[in-house]
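Here the structure is laid out as structure tokens; the discussion comes afterwards.
The values are calculated or read from the model by the stated rules, or taken from the named source; none is laboratory data. Model, not experiment: these values are computed from the prediction. Counting neighbours? That spans all protein chains shown, and the Cβs are built from the backbone with ideal geometry, glycine included.
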């Protein structure tokens, strides 16, 4: 297939994909890879230097930073992916509904307009403010803040695909709307959905770990990269090296998602560069 | 032009009403009872009697719509309620914190516009050169950089190692240098990218070719190009001002600046609902006003849009 050929040629995209898959792999197998228990407190070994016993040192409670970093993948990345999965599912269902059924179109789009008149950062803060701190509330806040954008995007894609000859043909043949959506619309939408989600993933990771940094997200002692940074901040003058591993990991993962998203967009939409929409 | 502004201003009224309703309604979705929160904050055991008394004191025994209109009436008169925690009127707390946030957001805004316009234009002029490549590297790094890590790195290097600026606090202007740099970084990257890409896209337009054929000076051609590339830039900048103010939440927490963002985070922890409501309403209104301002500015710059409207 043309798509895979182009992707295999794009070295940056492949490297980004490798980093993302590698990090996910490390997260899944964290219990087998991590040298220590991420929650084990050992005050006699606090602020251990980088070395063979603690590869990336230990924090103010003597917990192994490398182990916390590996287990942190499970919270930082997996919660971000979970939040995105829920948001994207809502976006697909309502977006396709609005695109395919004229009765639903007006209601859903007006609803999106109202939601989009709030900036999403603010909406997230508002929902967390009302529900209180905690990772579940952060995921809810993310779904509330971001769904409208996905609905809008997927709606516009499904509208444009409905003019495709094979979908028009299928309609003329008298196939039910459900069959057309399942057999023709969803498969062609899939690539666009993956692209949208990849472009957005970096931002989701940044906002979830940012809220955890503020203390509004994942609660201690569960390891999370943003929260590890906020712990490192408190001991910055004694142990400045502690803030490098989590920050660097966030930077690498977010950059990988951004690069992959950009490459996917270039592959799926070659006209994007020449069009005015490139903003 | 004037008619357009009036029309948009009139449309603001229903929009603001809707937003105020959402702000107010959100509190009622909250799982905890405000009366109980007030009692807990003031170290009173929330017995059923105490709770029902507090309900009366806060006016929670009235129906929802009545409460909403009372709240709205208060806001129109500048009364945002009283903070549950400090018992100080919310408006006074906001007035205290606002200057810090405005200085931070304002200085970042100036820096972002300056960097975005100058570096974006440089990138487009020297497209493909070493400078362009370096700046694009910076853009991609800055867009993936978590602002809370960048802030810590700046703090560690400039305040702890080199001892050039104070670590935290806002006693004098030096306390704002690092927060401003931290806040500006990712935004500046976005605008360098926008400016560069729109300038490169406008290069192929016919009026540029025409200007070149007529033998106009290079600087004059560039001037026309820049004016035409400003439109997406201004829209993006207008949209980002509230995001900039929302972004101060993290930066103010890192550098312990007593601004609006820190006030809001503190209010979230202590479940100080009047405070949170006021902050969100304030931010939403700012968002709408700056969007309007950006729209008007764009139309003022580009007469073609005015005729369409």
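Being at the interface with chain A (Cβ under 9 Å from one of its Cβ atoms), assigned to a helix (DSSP H, G or I) and within 26 Å of residue B:124 (Cβ to Cβ): is that true of residue B:242 here? Considered against the rule, which asks whether it is at the interface with chain A (Cβ under 9 Å from one of its Cβ atoms), assigned to a helix (DSSP H, G or I) and within 26 Å of residue B:124 (Cβ to Cβ), residue B:242 comes out as no. Mind checking which residues of the stretch B:137-162 are surrounded by fewer than 16 Cβ atoms within 10 Å (Cβ to Cβ), within 12 Å of another protein chain (Cβ to nearest Cβ) and farther than 27 Å from residue A:208 by Cβ? Residues satisfying the conditions are B:160, B:161. Residues considered: B:269, B:290, B:233, B:255. Of these, the only one that is buried (at least 18 other Cβ atoms within 10 Å of the Cβ) and closer than 27 Å to residue B:20 by Cβ is B:290.
All but one of (1) under 19 Å from residue B:23 (Cβ atoms); (2) modelled with pLDDT under 85; (3) more than 13 Å from the chain's Cα centre (by Cα) hold for residue B:264; state the number of the condition that does not hold. Every listed condition holds for residue B:264 apart from (2).
Within the stretch A:230-247, the residues that satisfy the criterion of being in a helix (DSSP H, G or I) and within 8 Å of another protein chain (Cβ to nearest Cβ) are A:230, A:232, A:233, A:240, A:243, A:246, A:247.
Only one of the numbered conditions (1) at pLDDT below 90; (2) away from chain A (no Cβ under 13 Å); (3) over 26 Å from residue A:248 (Cα atoms) is violated by residue B:120, and that is (2). If you go through the stretch A:1-38 and pick out every residue that is in contact (Cβ under 8 Å) with a residue 24 or more places away in the chain and not in a helix (DSSP H, G or I), you end up with 6. Of the numbered criteria (1) in contact (Cβ under 8 Å) with a residue 60 or more places away in the chain; (2) more than 14 Å from chain B (Cβ to nearest Cβ), the one residue A:93 fails is (1). Here is the figure for the stretch A:213-222: residues that are under 14 Å from residue A:72 (Cα atoms) and free of Cβ contacts under 8 Å to residues at least 40 places away in the same chain total 2.
Would you mind listing the helices (runs of 4 or more DSSP H) fully within the stretch B:11-78 where at least 2 residues are within 27 Å of residue A:137 (Cα to Cα) and modelled with pLDDT of 80 or more? Write out each step before concluding.
Details: elements: B:34-41, B:48-58, B:64-76.
Because the criterion is at least 2 residues that are within 27 Å of residue A:137 (Cα to Cα) and modelled with pLDDT of 80 or more, the helices (runs of 4 or more DSSP H) in the stretch B:11-78 that meet it are B:64-76.
Against the test of being part of a helix (DSSP H, G or I) and at pLDDT 85 or above, the options A:114, A:139 yield a single qualifying residue, A:139. Summed over the stretch B:293-306, residues that are surrounded by 17 or more Cβ atoms within 10 Å (Cβ to Cβ) and not in a helix (DSSP H, G or I) total 0. Residues in the stretch A:43-56 that are within 16 Å of residue A:33 (Cα to Cα) and under 32 Å from the mean Cα position of the chain (by Cα): 3 in all.
Rundown of residues vs (1) part of a helix (DSSP H, G or I); (2) in contact with a helix residue (DSSP H, G or I) (Cβ under 7 Å, 6 or more places away or on another chain); (3) farther than 29 Å from residue B:235 by Cα, yes/no style:
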{"residue": "B:80", "(1), (2), (3)": "no, yes, yes"}
{"residue": "B:94", "(1), (2), (3)": "yes, yes, no"}
{"residue": "B:100", "(1), (2), (3)": "yes, no, no"}
{"residue": "B:107", "(1), (2), (3)": "yes, yes, no"}
{"residue": "B:112", "(1), (2), (3)": "yes, yes, no"}
{"residue": "B:115", "(1), (2), (3)": "yes, yes, no"}
{"residue": "B:124", "(1), (2), (3)": "yes, yes, no"}
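Residues are listed down the side, and each one gets a yes or a no for (1) in contact with a helix residue (DSSP H, G or I) (Cβ under 6 Å, 6 or more places away or on another chain); (2) at the interface with another protein chain (Cβ under 10 Å from one of its Cβ atoms); (3) in a helix (DSSP H, G or I):
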| site | (1), (2), (3) |
| --- | --- |
| B:220 | no, no, yes |
| B:226 | no, no, yes |
| B:251 | yes, no, yes |
| B:277 | yes, yes, yes |
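Go through the residues of the stretch B:202-217 one by one and say whether even a single one is surrounded by fewer than 18 Cβ atoms within 10 Å (Cβ to Cβ) and closer than 30 Å to residue A:257 by Cβ.
Looking only at the stretch B:202-217, we keep the residues that are surrounded by fewer than 18 Cβ atoms within 10 Å (Cβ to Cβ), and these are B:203-210, B:212-217.
Then drop every residue that is not closer than 30 Å to residue A:257 by Cβ, which leaves none.
Scanning the stretch B:202-217 turns up no residue that is surrounded by fewer than 18 Cβ atoms within 10 Å (Cβ to Cβ) and closer than 30 Å to residue A:257 by Cβ.
Mind telling me which of the residues A:255, A:201, A:191 ends up being under 27 Å from residue A:147 (Cβ atoms), surrounded by fewer than 19 Cβ atoms within 10 Å (Cβ to Cβ) and within 14 Å of chain B (Cβ to nearest Cβ)? Working first, answer last.
Numbers: A:201 fails: surrounded by fewer than 19 Cβ atoms within 10 Å (Cβ to Cβ); A:191 fails: within 14 Å of chain B (Cβ to nearest Cβ).
Answer to the selection: A:255.
Only residues that are within 18 Å of the chain's Cα centre (by Cα) and crowded, with 23+ Cβ neighbours inside 10 Å: list them for the stretch A:84-102, please. Step through it out loud before you land on a result.
Applying the first criterion (within 18 Å of the chain's Cα centre (by Cα)) to the stretch A:84-102 yields A:84-92.
Answer for the stretch A:84-102, where residues must be within 18 Å of the chain's Cα centre (by Cα) and crowded, with 23+ Cβ neighbours inside 10 Å: A:84, A:87, A:91.
Of everything in the stretch B:176-216, what is away from chain A (no Cβ under 14 Å), assigned to a helix (DSSP H, G or I) and over 16 Å from residue B:249 (Cα atoms)? Give them in sequence order. If the condition is that a residue be away from chain A (no Cβ under 14 Å), assigned to a helix (DSSP H, G or I) and over 16 Å from residue B:249 (Cα atoms), then B:177, B:188, B:206, B:207, B:208, B:209, B:210, B:211, B:212, B:213 are the ones that fit.
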